[in-house]
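Student: I'd like to ask you about the structure that follows.
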Amino acid sequence: GAGGAGGETGGEAGGEVIVQERGAALRLSLGGPKPYVDLTRAHYAKLRSMHAAAAAGAAGEVGGEATEAQLRARVLCVLFRYAALGAHGYQAALCADGFETLREALGCTFECFASPLNCRYPTYCSAFADTDRYFGSLGSFFAFHPTEGSFEVHPNPSPSPKPEPPSPEPQAPE
């Protein structure tokens with residue numbers, strides 16, 4: 001495979017990203033036994049398509065014509081970033097029918113909290129503009145200031161606060 005170059009071309013690992021076929025899955029790594037990430041062929045195809053669309057839509061601003069090595073490096077960076085959080089970027093807000101209903105009934109074609117791994121629409125806001133922009137992200141929702149439109153808002157879940165333990169019953173002085 002082609003080697004990925006480091007530098008300012010964005011989202012690239014420092015070396016060649018190896019893609020191994022493993023049945024219905026692909027394993028991406030830097031060539032050693034660890035670290036690696038697995039994803040389905042369907043998810044890789046989705047990311048490839050999103051990457052091409054983002055590059056075409058950016059008119060050379062984001063990455064222009066990307067090489068296969070750049071695509072692999074950018075996919076690996078996204079997967080490592082979300083895996084490091086333990087979230088893996090796959091948290092789903094709605095089922096496919098829910099997104100379709102929003103699109104048909106309200107003209108909604110934008111997700112305010114998504115990732116390249118779980119988005120349903122071509123543009124969305126995500127937590128990591130530096131890596132996710134190569135896949136259509138417009139960056140943080142908190143820096144997004146639309147003036148009109150219909151948007152799906154389903155923030156990523158945060159851990160529930162733990163309830164305070166009950167206070168001991170006050171003791172009467174003896």
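Laboratory data are not the source of any read-out in this text; all were calculated from the coordinates shown. Predicted model, so just to flag it, every value in this text is computed and none were measured. Counting neighbours? That spans all protein chains shown, and the Cβs are built from the backbone with ideal geometry, glycine included.
Student: At a Förster distance of 41 Å, what's the computed FRET efficiency of E16 paired with E100, Cβ-Cβ distance as r, to 0.05? The partial results should precede the final answer.
Tutor: Details: r = 40 Å, r/R0 = 0.97.
Efficiency at R0 = 41 Å is approximately 0.55.
Student: Which residues' amide hydrogens lie under 5 Å from the amide hydrogen of V17, considering only partners 5 or more residues apart or on another chain, with H built in the peptide plane?
Tutor: Amide H neighbours of V17: G4.
Student: Another question, if that's okay. Could you give me the ³J(HN,Hα) list for region 30-38, computed from phi with Karplus coefficients 6.51, -1.76, 1.60 and θ = phi - 60°, whole Hz, x at Gly and Pro?
Tutor: Values, residue by residue: 9, x, x, x, 8, x, 8, 9, 10 Hz.
Student: From the phi of every residue in region 112-121, what ³J(HN,Hα) in whole Hz does the Karplus formula 6.51 cos²θ - 1.76 cosθ + 1.60 yield, where θ is phi - 60° and glycine or proline is x?
Tutor: My calculation for region 112-121 gives 7, 9, 8, 9, x, 8, 10, 5, 10, 10 Hz in order.
Student: Let me ask something else. What order, most packed first, do the peptides 126-136, 76-86 have when packing is the mean number of other Cβ atoms within 10 Å of each residue?
Tutor: Values: 126-136: 22.4, 76-86: 17.7.
Going by the mean number of other Cβ atoms within 10 Å, highest first, we get 126-136, 76-86.
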